[in-house]
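Below: one structure, written as structure tokens.
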Amino acid sequence: MALQFSTEAEDQFQTIVSRYPNNLAALLPVLMLAQEEFGWISVEVMDYIAERLDVSKSQVFSTATFYTMLNKQPVGKCHIQVCTTFSCALAGGYEMLEYLEEALGIQAGETDPEHNFTISEVECLASCGTAPMFQLTTSDGEIEYFEDLDPDRVDEILEDLNDRLDELPDPRDMH
Amino acid sequence: MDEKILSKFFDRDDGHKLEVYEDHGGYDAARKAAEMSREEIVNEVKASNLRGRGGAGFPAGVKWSFIPQETEEDKYLVVNADEGEPGTFKDRQIMQRDPHQLIEGCIITAMALDLRYCYIYIRGELKFTEDIIQDAIEECYDKGYLGEDIFGTDQDLDIYTHISAGAYICGEETGMIEGLEGKPGKPRIKPPFPAIVGVFDAPTLVNNVESIACVPPVINRGAEWFANLGVEKNGGPKLYGLSGPIKNPGVYEAPSGITVRELLESPEYGGGMKEGKELKAYIPGGSSCAVLTPDELDREMSFEAMREVGSNLGTGCVTFVDQDTCMVRLAARLAHFYHHESCGQCTPCRDGTGWSAKVLDAIEAGRGRHEDLDLLEDMTGQIEHSTICALGPSLTFVVHSYLDKFPEEFEAHIEQGECPFPSWSLDDTKPAAAE
Ligand SMILES: Cc1cc2nc3c(=O)[nH]c(=O)nc-3n(C[C@H](O)[C@H](O)[C@H](O)COP(=O)(O)O)c2cc1C
Ligand code: FES
């Protein structure tokens, strides 16, 4: 099926493009929008964006593959990105990562078979004073920070997420 | 410091609203600047001793004076809101809590240098701040503070937010310009400098969020007042982010030039180390600065004082390290960071950071040899001076300073064949998630 932005995404697309003197400059925000809309950045999505912006496919590919937030593989409905960099490493970032890995039964870099959760280890998220912390990206396009975490708080967050799983689209099915 | 200049709304949840900002004298500075000549504004910023708050500490007014004035083409302001330097978390507070001070700073900067368009380049992870800033921008358009002929001048200004998608290197100003043009964030060879050939080939000023947020108070209360709040050559109040195992981590406003000891120990700021933790080291301004030891605690937080001891004020966000932390492991973790974030253009950086990470991992795991220490020093030494940007050389400062300040820890790993420190986790240092 040929890809197409929903009406709402199309409006956002037009707004984004209007902010720049040329279409190529809109590429990063448009790719972020496309990920919200289509779940992940497949080659098909890249081709669609190339066509919409009238820039070359190779240009879209080279940009899309450079930036780490753009998922070139589908992740789970809940993508938990744990900072273990510097201040976080000093303040329990690794312990929290392992706690999460155990709770979800997957390792950093993995997605569970149901595609509910993905855990990634990421670099400094500008939350160093509230370590340990993680960023949560859900397949409805929300990005949220959870800070000053401890095991109890992590349990609570996971419980809430489990309750929401039915409402969240599976990124694999989003295009 | 009693009066808060940069953080007055940090503990309120409505400071991002125009109404609240204006109740506190917001946009008075823009009105004042509208009555001043371009030259007067630039001279005021020069005299204020405002130094760039993004890490390099370049005098803001001097950088402004590099923007050509005789040209007819549209010129750009790019605000660096890509905050990604490990240990740094101060700009985010301004973006979240006080977006109007940032916007007012953009307005005055545009008036001073005839900048037609402004992009606020926000790291993708901080997307939730984009909504806050975007709302603030819209409030300004509604009031006529943005658009054509702002504040009764003949200056036109449009401000847009730009969202990035995850790349530390886009914090480097020319990497940022590439990202803003829709390309991979690979830094450009300089010269030409962005002031001459920047985004869309036009003259471009790149300043950090905190630098721009300092502009309204400079104009409102005068350069002399601002300069006097700091120390020689380092004007004004400063946001300090304190992290690590201390009692009160967080972002605090204090004068430029305050001592590290006061930041760490004062109950007003860090409150001292956590119970049972003893200070072993600190890194004054983000992970890219050389590490310092507790005998340097009385050093002032100024670019000059930090350079005297081979480090840097950087972003002014201090990370404190306790006695239980293994410095080899910390260096290894940082080597993985720089390797992961290297854009890959320059071989010394791309390969040098990776090999350094491997050698550091081996030492940490107890597989190191004595020769490895010289190898490390030599290998990281070859990164410095041979790359387009300062990302790779940051690892040189890290490795050289950790080796220099904590040689006994490296030796102990090699001699004992294992790490003598408690582990961070069940299976020690892991490389950062590769894609
Ligand atoms: C690898 C690298 C990363 C950087 N990251 C940032 C950043 O996240 N934020 C920032 O303001 N400056 C960053 N800088 C510094 C910018 O290149 C530039 O000096 C700064 O934005 C200029 O603003 P200022 O003069 O107001 O400090 C970085 C530099 C390098 C080499
Ligand atoms: S080191 Fe984890 S948020 Fe900065």
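Observations on the structure shown:
- The Cβ shell under 14 Å around B:HIS400 holds other residues with a net charge of -4, Lys and Arg each +1, Asp and Glu each -1.
- For GluC sites (Glu not before Pro), the sites in segment B:48-141 that DSSP calls loop and that have at most 11 other Cβ atoms within 10 Å are B:GLU70, B:GLU72, B:GLU73.
- Descending principal axes extents, chain B, alpha-carbon based, whole Å: 72, 46, 36
- With all protein chains kept in place, the per residue accessible area of segment A:1-81 amounts to 42 square angstrom at a probe of 1.4 angstrom.
- Within segment A:101-140, the residues that become at least 40 Å² less accessible when every protein chain is included than when their own chain is isolated (1.4 Å probe; DNA, RNA and ligands ignored) are A:GLU121, A:GLU123, A:CYS124, A:ALA126, A:CYS128, A:GLY129.
- Under the combined filter of DSSP loop state and at most 13 neighbouring Cβ atoms within 10 Å, segment B:235-277 retains these GluC sites (Glu not before Pro): B:GLU268, B:GLU275.
- Per residue, chain B exposes an accessible area of 36 Å² to a 1.4 Å probe, with every protein chain left in place.
- Using alpha-carbon coordinates, inclination of helix B:127-143 to the longest axis of chain B, degrees: 10
- Cα gyration tensor shape of segment B:141-232, rounded if a/c is under 1.5, else prolate or oblate by comparing a/b with b/c: oblate
- The angle separating the long axis of helix B:347-364 from the principal Cα axis of greatest extent in chain B is about 40 degrees.
- Measuring from each cysteine beta-carbon in chain A, the ones with no other cysteine beta-carbon under 4.7 angstrom are A:CYS78, A:CYS124, A:CYS128.
- Surface share of carbon and sulfur [accessible, 1.4 angstrom probe, percent] for chain B: 47
- Look at the dipole of segment A:100-141 built from charges on Cβ: of A:PRO113, A:GLY129, A:ALA103, the Cα furthest out on the positive end belongs to A:GLY129.
- Solvent-accessible area lost in complex, 50 Å² minimum, residues of segment B:317-333 relative to chain alone, 1.4 Å: B:ARG333
- Of the GluC sites (Glu not before Pro) found in segment A:71-161, those that fall in a DSSP loop while having at most 11 other beta-carbon atoms within 10 Å are A:GLU114.
- Structure-based [θ]222 nm, chain B - -39500 (n - 2.57) summed over DSSP H runs of at least 4, per residue, nearest 500: -11500 deg cm²/dmol
- Summing charges over all other residues whose Cβ lies under 13 Å from the Cβ of B:ARG31, with Lys and Arg as +1 and Asp and Glu as -1, gives -2.
- Of the two radii for the protein assembly as shown, the radius of gyration is 0.95 times the Kirkwood radius, both from the alpha carbons; that is the Rg over Rh value.
- Oblate is the label for segment B:261-418, because the ratio a/c of its alpha-carbon gyration tensor axes (a ≥ b ≥ c) is 1.5 or higher and a/b is not greater than b/c.
- Pairwise burial A:B, computed as accessible area of each alone minus the pair, summed, 1.4 Å, Å²: 4400
- Shape category assigned to segment B:230-317 from the gyration tensor of Cα positions, a/c cut at 1.5: oblate
- Computed over neighbours whose Cβ is under 12 Å from that of B:GLY354, the net charge equals -1, Lys and Arg +1, Asp and Glu -1.
The values are calculated or read from the model by the stated rules, or taken from the named source; none is laboratory data. Everything numeric here is computed off the predicted structure, so don't read it as measured data. Positions of Cβ are generated from backbone atoms using ideal geometry, with glycine treated the same way; all protein chains shown enter the neighbour counts. In case anyone asks, the SASA skips ligands and DNA or RNA and just uses the protein heavy atoms, side chains included. Shrake-Rupley method; radii C 1.70, N 1.55, O 1.52, S 1.80 Å.
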